[in-house]
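The structure under discussion appears below in the form of structure tokens.
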Amino acid sequence: AESVDNFPAVSTSSVPSAPPVYQEAWSLVKKYALDQTFHGQDWDEAYTKFSQGLDASTTDEEKVMKATSNLISSLGDKYSRILDKDAYARIQKFDLIGVGATLMPDSTTKEIIVGAPPVAKSSADLAGLKVGDVVVAVNGVETVGRTAFDIIDQISEDPNAGTVTFTIRSSDGVTRDVPLKREFAEVKDPVTYRVSETRSDGTKVGYVRIAEFNSLVKTSLEAALRDLESQGVDAYVLDIRGNPGGAFQSAVEIAGLFLNDKLATDVVDGNGVDLKFRTSKDRVVVDENHPLAIWLDGRSASASEVLSGALRDNCRAVIMGDTSFGKGLVQAVYGLKNGYGLVLTVAKYLTPGGTDINRVGIVPDVSKDEALPSAPGFVPLLGSDTSRVDFLDIAKRLSPDMCSRAD
């Protein structure tokens with residue numbers, strides 16, 4: 001499972017001569033790896049060790065990428081790796097903009113730029129966008145002082161828009177408006193939902209399952225929640241059992257459907273920089289008085305844990321089921337100049353209450369045996385039986401008398 005994020009690009013460092021893509025990957029690791037000990041090795045020496053037999057003129061791509069992959073493997077991190085061209089294209093299902101371009105702040109000017117080669121045959125590629133092009137504005141709104149996450153939030157305000165317009169300033173200084181078609185090909189809607197029951201006391205329960213955090217999840221979940229609210233649902237089960245994660249930003253955005261302007265997570269990078277991510281303002285869909293249970297299991301990971309931690313630590317949800325996977329690391333996906341990709345662990349995250357869940361997981365408040373159906377979430381009807389969930393107990397647990405909010 002990846003937490004796929006837009007982190008800053010980096011210019012290659014002046015190091016001994018090697019093929020450009022090898023040097024590009026080496027420089028990205030040196031600048032942004034969470035583990036700045038590089039698995040206990042001198043990173044300059046690693047450069048030389050793994051590039052033996054290569055020089056700047058080497059054109060054998062298979063040989064170059066094998067050396068680059070060996071370099072990344074030396075980090076000893078099971079999540080950091082090289083993606084071939086097909087795998088890099090497939091991971092674009094986590095592209096929240098839908099045009100095939102990765103937006104990053106320039107490491108020097110802080111302007112928002114196209115930080116990696118556009119995905120082949122994507123809208124950005126067909127429009128001729130290049131690495132280093134400055135994105136001056138998006139849909140007429142200037143990008144100065146804004147982050148890539150801010151821009152994603154802006155675009156998500158109109159999730160059904162078929163196009164987005166980038167105002168681009170190229171290296172020659174020419175500025176032009178570039179309309180780009182948004183495409184989310186072969187991405188499956190990850191949300192299923194239904195009214196699971198109406199109880200004798202009048203409580204109407206909504207069951208919502210999220211299979212993964214892809215580019216469609218926020219839009220689809222918001223529509224599902226609005227529909228359930230319109231049907232009079234006043235208690236919820238959010239089932240993310242077996243959900244391996246996906247786009248980190250999606251988890252933060254989804255938390256904003258339940259929480260108004262609250263701390264969602266702290267992200268700490270390899271240089272000790274602490275970035276605090278808050279939920280959006282005035283985007284809450286579910287009434288704050290409607291109790292919420294989250295179902296987890298040992299395969300719930302990454303973005304699933306970001307969302308769960310955000311909602312529990314802010315006293316918005318009670319966690320039920322089994323302890324989650326325990327992936328408290330954030331990966332960035334960088335497009336390399338030859339169309340391959342680099343997945344790199346660049347940060348760790350803490351829940352709003354300051355808990356580091358890596359290799360520990362999120363421990364449930366209520367066990368699986370007490371509240372969950374015996375069938376897994378992907379089994380229709382049987383897997384979504386909510387009848388054992390005690391919503392009166394949930395409301396009590398979330399009350400100010402029993403729950404201390406993170407902020």
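The values are calculated or read from the model by the stated rules, or taken from the named source; none is laboratory data. These figures come from a predicted structure and were not determined experimentally. Heads up, the Cβs are rebuilt from the backbone with ideal geometry, glycines too, and the neighbour counts pull from every protein chain shown. Keep in mind that these areas ignore ligands, DNA and RNA; they rest on the heavy atoms of the full protein, side chains included. Shrake-Rupley method; radii C 1.70, N 1.55, O 1.52, S 1.80 Å.
Below are the figures for this structure:
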{"quantity": "Normalised per residue, the volume of the convex hull around the Cα set of region 105-190 (Å³)", "calculated": "110 Å³"}
{"quantity": "Whole-Hz ³J(HN,Hα) from phi, Karplus 6.51 cos²θ - 1.76 cosθ + 1.60, for region 383-395, glycine and proline x", "calculated": "x, 10, 6, 9, 5, 8, 7, 9, 6, 5, 5, 4, 4"}
{"quantity": "Area of Arg388 that stays accessible when all protein chains are in place (1.4 Å probe, Å², to 10)", "calculated": "110 Å²"}
{"quantity": "DSSP beta bridge pairing in the chain, given as percent antiparallel to the nearest 5", "calculated": "70 percent"}
{"quantity": "Peptides ranked, highest mean first, by Cβ atoms within 10 Å: ranges 331-338, 210-217, 163-170, 282-289", "calculated": "210-217, 331-338, 163-170, 282-289"}
{"quantity": "Positive-end residue, region 185-257 charge dipole about Cα centroid, Cβ charges, pick of Thr219, Gly232, Thr198", "calculated": "Thr198"}
{"quantity": "Spread of Cα-to-Cα distances over 10 Å intervals beginning at zero, given as percent, for region 263-407", "calculated": "11, 35, 33, 16, 5, 1"}
{"quantity": "Nearby aspartates and glutamates by direct alpha-carbon distance to Lys49 (threshold 20 angstrom, same-chain neighbours under 8 apart not counted)", "calculated": "Glu24, Asp35, Asp60, Glu61, Glu62, Asp77"}
{"quantity": "Other-chain or far-sequence residues with amide H under 5 Å of Arg194's (modelled H)", "calculated": "Tyr207"}
{"quantity": "Calculated log₁₀ intensity ratio I(q)/I(0) where the Debye formula runs over C-alpha points of region 282-332, q = 0.21 Å⁻¹", "calculated": "-0.78"}
{"quantity": "Å² per residue, accessible surface of the chain at 1.4 Å", "calculated": "44 Å²"}
{"quantity": "Kirkwood Rh, Cα atoms: Rg over Rh of region 200-298", "calculated": "1.01"}
{"quantity": "Taking region 297-363 and dividing mean pair separation by its residue count, relative contact order in percent (alpha carbons under 8 Å, at least six apart)", "calculated": "37 percent"}
{"quantity": "Whole-number percent relative contact order across the chain, with pairs defined as alpha carbons under 8 Å at least 6 apart", "calculated": "17 percent"}
{"quantity": "Accessible surface of the chain [probe 1.4 Å, protein heavy atoms]: carbon and sulfur percent", "calculated": "49 percent"}
{"quantity": "Computed over region 84-146, Kirkwood Rh from alpha-carbon pairs, angstrom", "calculated": "12.3 Å"}
{"quantity": "Region 256-345 - percent relative contact order, Cα under 8 Å, separation 6 or more", "calculated": "25 percent"}
{"quantity": "In Hz, Karplus ³J(HN,Hα) per residue of region 53-66 (6.51, -1.76, 1.60; θ = phi - 60°; x = Gly, Pro)", "calculated": "x, 10, 8, 4, 9, 4, 10, 6, 4, 4, 5, 5, 6, 5"}
{"quantity": "Burial order of peptide ranges 252-262, 70-80 (average beta-carbon count within 10 Å, highest first)", "calculated": "252-262, 70-80"}
{"quantity": "Cα-projected label distance for Lys121 with Leu382, points at 7 Å along beta-carbon direction, nm", "calculated": "4.1 nm"}
{"quantity": "Estimated distance in nm for a label pair at Arg194 and Arg81, the labels positioned 7 Å out from Cα along Cα-to-Cβ", "calculated": "3.6 nm"}
{"quantity": "FRET efficiency, 1/(1 + (r/R0)^6) with R0 51 Å, evaluated for Ser170 and Gln231 via beta carbons", "calculated": "0.50"}
